[in-house]
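Okay, so here's the structure we're looking at.
The values are calculated or read from the model by the stated rules, or taken from the named source; none is laboratory data. The structure displayed is predicted, hence computed values, not measured ones. Here Cβ is always computed from backbone atoms with ideal geometry, including for glycine, and neighbour counts include all displayed protein chains. Only protein heavy atoms, including side chains, enter the accessible area calculation; ligands, DNA and RNA are left aside. Shrake-Rupley method; radii C 1.70, N 1.55, O 1.52, S 1.80 Å.
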Amino acid sequence: MDKSMLGDLDSLPEEDKIRMSAMIDQLQIRDSLRMYNSLVERCFTDCVETFRRKTLDKQEETCVRRCAEKFLKHSMRVGMRFAELNQGAATPD
Amino acid sequence: MDKSMLGDLDSLPEEDKIRMSAMIDQLQIRDSLRMYNSLVERCFTDCVETFRRKTLDKQEETCVRRCAEKFLKHSMRVGMRFAELNQGAATPD
Amino acid sequence: MDKSMLGDLDSLPEEDKIRMSAMIDQLQIRDSLRMYNSLVERCFTDCVETFRRKTLDKQEETCVRRCAEKFLKHSMRVGMRFAELNQGAATPD
Amino acid sequence: MAAKNGPTNLEKEQIFGMAEKEMEYRVELFNKLTQTCFEKCIEKRYKESELNMGENSCIDRCVSKYWQVTNLVGQLLGSNRPPM
Amino acid sequence: MAAKNGPTNLEKEQIFGMAEKEMEYRVELFNKLTQTCFEKCIEKRYKESELNMGENSCIDRCVSKYWQVTNLVGQLLGSNRPPM
Amino acid sequence: MAAKNGPTNLEKEQIFGMAEKEMEYRVELFNKLTQTCFEKCIEKRYKESELNMGENSCIDRCVSKYWQVTNLVGQLLGSNRPPM
């Protein structure tokens, strides 16, 4: 998600551009909170299997850390590839 | 989703009816964009299994086409049945 | 979801507090409608397996009732534990 | 500000907001119904792009049963208004 | 328009918007937690409508562990404010 | 009220609303793409926190194929504008 779309809105007065920019900021905040929720859900689901205690054991904690780091790296890589495709910069196979 | 709900809003002035109608249009646009996203996700998940190349092979492409057509036909049939039930026009077993 | 957040908004005039309160009410309505939708989806998916008839049989109906009751009890218990953790009232293992 | 001229702005916001939530609910119901019945009824190998007879009758029954589950759960939740 | 009278309309929009996003986040967290712990703890054959003892203690521990994972991920993301 | 001064308030609402839906769509597309390719490409035992070479090339191909499926479905739906 970027602000390139603002280019289409030149007919709007300054005040509306500010409003549009604020709307985009808010969507980005919502987006990152959702990402955070999804990340927690995924790593919990994949890493926590037993409920004999109410605290995470070492193994579960390690698993969650790796899962979260891997998800973030994955997400950044997807973002880069996605941006390339959006710019029509597809490379040969 | 239809506009029958507008009947409840007779007390509102003309300007508000227009606004309500615009809101419904926007929800329909959002709805169809979400449907599109779900359709892509489903057909990708069901049809693309291997990642040895970066382009779809013939078999994957055929699978995606059929999946998408089937999903649209399915969705239309569900919509018809759903509308019948909403109108209380349930037929015997 | 509670209204404790309103405390942060003391700088706003009365009219805005009312508006904020209305917004919270609307989010709660949306929340309960979503919960309802999820409950239906889950109990349908878990309890209805065959499509030889167009009406629920006794066994399916019983299953749906139990599933829904169980889900509601589950949801209330989660809500209580969640509230305790939010208030920092975690008890020992 | 003038009370005799129909609803105030805040009341209008609430009417619009309620109508919006109601519609969102119906759309979500329809989407979940569509996804769930696709899962239950459709052959995933996609050997053809037409729905076959078995799939068609499965869809009809699936929608009908989903509707009944919606009403049944609505009764259990004690809601008086029809859920759809 | 008068700057001395508290926040401007645009600032108000942003305060309202932030509060709305924050609440949406909490609701979504609660919903995911509820769904995930139902998946992990509840017997799906639905032989009775009560939660049994095993399910009850599983739910308590599941909520507790989910909370810990939320905090752990929050730390990793470098967020200073408490995620809940 | 003055027609010569650019869009009316209602028209502005629609422009803002459309832009918002469009951005929501892109965000949702990106999120589904991320989730789906994680599911398809990532080793779930989490033995390390780095992406290995196999995962990295799987991700690149997965994104590329997902993009193609998006375009293919867009053509089938008869949409003229690019879906992304």
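Any idea how many residues of region D:42-55 are at the interface with another protein chain (Cβ under 7 Å from one of its Cβ atoms) and open to solvent by less than 50 Å² (accessible area, probe 1.4 Å)? Steps first, please.
Step one: of region D:42-55, the residues at the interface with another protein chain (Cβ under 7 Å from one of its Cβ atoms) are D:42, D:44, D:46, D:48-49, D:51.
Cutting the leftovers down to open to solvent by less than 50 Å² (accessible area, probe 1.4 Å) gives us D:42, D:46, D:49, D:51.
Qualifying residue count, region D:42-55: 4.
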So is residue A:77 open to solvent by 20 Å² or more (accessible area, probe 1.4 Å) and in contact (Cβ under 8 Å) with a residue 12 or more places away in the chain or not? no
Search region A:48-71 for residues being free of Cβ contacts under 8 Å to residues at least 12 places away in the same chain and at the interface with chain F (Cβ under 10 Å from one of its Cβ atoms), and hand back the single one that is least open to solvent (accessible area, probe 1.4 Å). A:70
Listed by first then second residue, the pairs whose first member lies in region C:29-47 and is facing chain D (nearest Cβ under 7 Å), whose partner is of a type in the set (Phe, Trp, Tyr), with beta carbons under 6 Å and at least 6 positions apart or on separate chains, are C:33/D:25; C:39/C:71; C:44/D:66
Out of (1) modelled with pLDDT under 95; (2) assigned to a loop (DSSP other than H, G, I, E, B), the odd one out for residue C:18 is which? (2)
For residue F:34, the lone unmet condition from (1) of a type outside the set (Lys, Arg); (2) part of a helix (DSSP H, G or I); (3) surrounded by fewer than 20 Cβ atoms within 10 Å (Cβ to Cβ); (4) within 8 Å of chain A (Cβ to nearest Cβ) is (3)
Pull out all pairs, ordered by first then second residue, where Cβ-Cβ is under 6 Å, the residues are six or more apart or on different chains, the first lies in region D:51-66 and is within 15 Å of residue D:35 (Cα to Cα), and the second is among the basic types (Lys, Arg). D:59/B:77; D:60/B:81; D:61/C:54; D:62/D:40; D:63/B:81; D:64/C:54
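Tally the residues that are within 30 Å of residue B:45 (Cβ to Cβ) and either at the interface with chain B (Cβ under 8 Å from one of its Cβ atoms) or open to solvent by 30 Å² or more (accessible area, probe 1.4 Å) (or both), restricting the search to region F:5-30.
Taking region F:5-30 and keeping what is within 30 Å of residue B:45 (Cβ to Cβ), we get F:18-30.
Imposing the further condition that a residue be either at the interface with chain B (Cβ under 8 Å from one of its Cβ atoms) or open to solvent by 30 Å² or more (accessible area, probe 1.4 Å) (or both) reduces the set to F:18, F:20-22, F:24-26, F:28-30.
So the answer is 10.
Report yes if some residue within region B:86-93 is facing another protein chain (nearest Cβ under 7 Å) and open to solvent by less than 60 Å² (accessible area, probe 1.4 Å); otherwise report no.
Here is the first cut: in region B:86-93, the residues facing another protein chain (nearest Cβ under 7 Å) are B:86, B:93.
So of that shortlist, the ones also open to solvent by less than 60 Å² (accessible area, probe 1.4 Å) come out as none.
Checking region B:86-93: not a single residue is facing another protein chain (nearest Cβ under 7 Å) and open to solvent by less than 60 Å² (accessible area, probe 1.4 Å).
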